[in-house]
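Comments concern the structure below.
The values are calculated or read from the model by the stated rules, or taken from the named source; none is laboratory data. Because the structure is a prediction, the values reported are computed rather than measured. Virtual Cβ from ideal backbone geometry, glycine too; neighbours counted across all protein chains shown. The accessibility values were calculated without ligands, DNA or RNA, using every heavy atom of the protein model including side chains. Shrake-Rupley method; radii C 1.70, N 1.55, O 1.52, S 1.80 Å.
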Amino acid sequence: ADGQWHKEGQWDKAADGEWNKGQWTSTAESADGQWHKDSNSVQSEGVKPAKKTEASKLHSGDSEQAKERLRTKELTRQIAGFAAKRQLSRAIETFETLEKEGISPGVHAYANLLNAHGNSGDVEGAVGLFAKMRKAGVAPNVVAYTALLKGHCRVGDIPRARALLDDMMQQSPPVVPDIRAVNTFMRGCVRVGDVASAQWVFGRLGEWKLEPDPAAVKFLSVLLSQALLLKPLLGLCRRQARAGKPADAVDPGVGQEAVVAEADSAKAPCKFWAGGYCNRGKKCQFLHDPSIPQEKDKLTEQESQETQVALNLRLARCSALLGKAKSCRLALKRARRALKASSKSEPTDNSAWEHHQNCQREHRLEMNLFRRFLASGATRDLQAHLSRVFLFSPRLLETTSATRPQAAEVVATLTEELASFGLGAKEGNLDSAKAATALRYADCLSDSGTLRWPEVFGPTRAQLPVKLEVCTGQGEWVMAHAKAEEDSSNWVALELMRDRTHDVFVRAVLDDVQNICILGGDATMVLSRHVEENSVDHIFVNFPEPPHISGSEAAESHLHLLSVPFLRQLHTILRSGGRLTILSDNRRYLRTVAVSIAGLVRRGKPMLESLKDSQAKDLPSNAEDVQGIRLHCGWPGPGAGHAVTASSQFDRLWDRDSRKERYFLVVAKK
């Protein structure tokens, strides 16, 4: 469902519209582009098969069965399309059409609908559908399991995802996870910082007769680096370095030429191989000249080099946080060497090459961060920075309002979660570090579990305004503003994804930024339970993800952030006169947000209003009025709270696509 394949390889499109490789084909019957074995897949070698019409597929003996198969395939394709566009209601409606027409849905239809539930954030709906599938006697395959697995992982429910992997192996016969299922689980572990579960699944690869691919290796390296587990990370780097060395090959000199010459006498050259790839492999009847480089080999080499860069940068990060400057320099040197080698790679297909270049740019930016740190020669108080990190775990946030956890429970959970950021690793005494951290957290939390900003930032900064960025990503924007306003503001960065939260933390430590507090967790629950009312002076939301990210207005998402209840919560935590600035590249979406804000009314009066003319002198004049809310075109400046110009990874991605239009709104609490 995230664009990965169940079986690696090159694919090519036959005349019937299917994508084929050997006996492997992708059809929309599979869940969101996954790959399944199909004995009827088409192989083309030089001659394209004629496109079959529906009429030609219907034979007199089995016309009704053929019609049903075609109808099933058609509706399953539609479900897959709706799933990709997050159109859950339409996917459900199409699935029900199968049942109404007397067609028993197969595993592919169920898998696609499971994927639709997962993409829209409806995990409980996916769980119910999975139970329905089993009750109907349809045995779930690895694709169906992976679709449900993705749903659990997307909301950070690793315990249920782990139980699902165990359930797969308890079936008769066992449904053995493939590498895509493993990577789906690993990605979920990265999302919540669960290093133990990632190590657990990595250790079972041998049992499942799987080899870790570069994605699995990088996922594990992220978690080991975050937890400051230097020795296991070193072991992983060495293992990958050995795996990345090319195997002994045939001498491409005289012997190789002789092999080609001998085969030449019996076979004509394969024109697909000559063009860079042939999807028939050993089954091809034509000559494959080993001296001709193939696209797959180029991609594999690029991926191997990029993995080496990523692993060594993770090692440099871990070493820097532990204060091991020499180890950091060595890892950085290896990363530079691997990056230089990868820069010499030949271009492949457009999407892979664009991704490769993007990775290189981001790696260079991270290297600059380490260079600044090493050049400063200063040590960092890791414990002091950790004491301003609050990681609200999914299990803490899942408690209902009726069983809201008290301060003691919050303190205990926060302390345990901080181990995922290496609490006590530098000192070598976890128990002592936990005790000190628990005391610190107890001072920073009220009896009801809300954060006390004066205690979080210290008495010398108690009177400074508090500014909060929601969905802070990797933290480049918020860190630039915290450094620019070091003496005038306290900054809070809130991010859901644990790996991105750690990116912000690393920037804070290596640049030694003292006026930043980092919150990890679901914004809806963190702000409603752990941020005091009337305590924040300015809130920023930069590039929120719209529910119709697929481009469809009919898209649905249970995980959409800027809902009316969430906007009400932002109003609650703002001080009187406090401001909210929302920046987006999507004008259509920001209009809908403006309409929602305009609809926030209390006692007949608006809760949030656009700035008055006297307050909006620094704002662009070309504003659109959306039910009384001004929607500005351009970049927000100091008048909207954007004190400095700061780029993010999102900006860089869109700028390369020449998508430079920006829209924003800024409103104040009445």
- Note on the structure: residue 512 passes all but one of the listed conditions (1) closer than 27 Å to residue 225 by Cβ; (2) part of a strand (DSSP E or B); (3) open to solvent by 10 Å² or more (accessible area, probe 1.4 Å); the exception is number (2)
- Could you list, in sequence order, the residues of the stretch 429-466 that are over 32 Å from the mean Cα position of the chain (by Cα) and among the small types (Gly, Ala, Ser)? 432, 435, 436, 442, 446, 448, 458, 462
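Yes/no per residue for (1) in a loop (DSSP other than H, G, I, E, B); (2) at pLDDT 90 or above:
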position: 291; (1), (2): yes, no
position: 300; (1), (2): no, no
position: 303; (1), (2): no, no
position: 326; (1), (2): no, yes
position: 345; (1), (2): yes, no
position: 352; (1), (2): no, no
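Pick from 492, 506, 410: which is at pLDDT 95 or above, assigned to a helix (DSSP H, G or I) and open to solvent by less than 60 Å² (accessible area, probe 1.4 Å)?
On the way: 492 fails: assigned to a helix (DSSP H, G or I); 410 fails: at pLDDT 95 or above.
Just one listed residue meets the conditions, 506.
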- Check the stretch 65-79 and report whether any residue there is open to solvent by 40 Å² or more (accessible area, probe 1.4 Å), out of contact with any Pro (no Cβ under 7 Å at 6 or more places or on another chain) and closer than 15 Å to residue 121 by Cα. no
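Just to be sure, is residue 424 at positive phi, part of a loop (DSSP other than H, G, I, E, B) and open to solvent by 60 Å² or more (accessible area, probe 1.4 Å)? Before the answer, list the steps.
On the way: at positive phi: yes; part of a loop (DSSP other than H, G, I, E, B): yes; open to solvent by 60 Å² or more (accessible area, probe 1.4 Å): no.
The answer is no for residue 424.
What number of residues within the stretch 383-407 are within 22 Å of residue 501 (Cα to Cα) and either modelled with pLDDT of 90 or more or part of a helix (DSSP H, G or I) (or both)? First the steps, then the outcome.
Step one: of the stretch 383-407, the residues within 22 Å of residue 501 (Cα to Cα) are 383-398.
Now drop any that are not either modelled with pLDDT of 90 or more or part of a helix (DSSP H, G or I) (or both), which leaves 383-392, 394-397.
Looking only at that region, the number is 14.
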- Task: Kindly list the number of the only condition in (1) in contact with a Gly (Cβ under 9 Å, 6 or more places away or on another chain); (2) at pLDDT below 95 that fails for residue 511.
- Result: (1)
- For the stretch 209-244, how many residues are open to solvent by less than 30 Å² (accessible area, probe 1.4 Å), at pLDDT 95 or above and in a loop (DSSP other than H, G, I, E, B)? 2
- Do we have residue 476 as touching a helix residue (DSSP H, G or I) at 6+ places or on another chain (Cβ under 9 Å), modelled with pLDDT under 95 and of a type in the set (D, E, K, R) here? yes
- Close pairs from the stretch 372-394: first aromatic (Phe, Trp, Tyr), partner assigned to a loop (DSSP other than H, G, I, E, B) and surrounded by 18 or more Cβ atoms within 10 Å (Cβ to Cβ), Cβ under 6 Å, at least 6 apart: 392/521
- Condition met for residue 93 (among the charged types (D, E, K, R), closer than 14 Å to residue 113 by Cβ, at pLDDT 90 or above and open to solvent by 50 Å² or more (accessible area, probe 1.4 Å)): yes
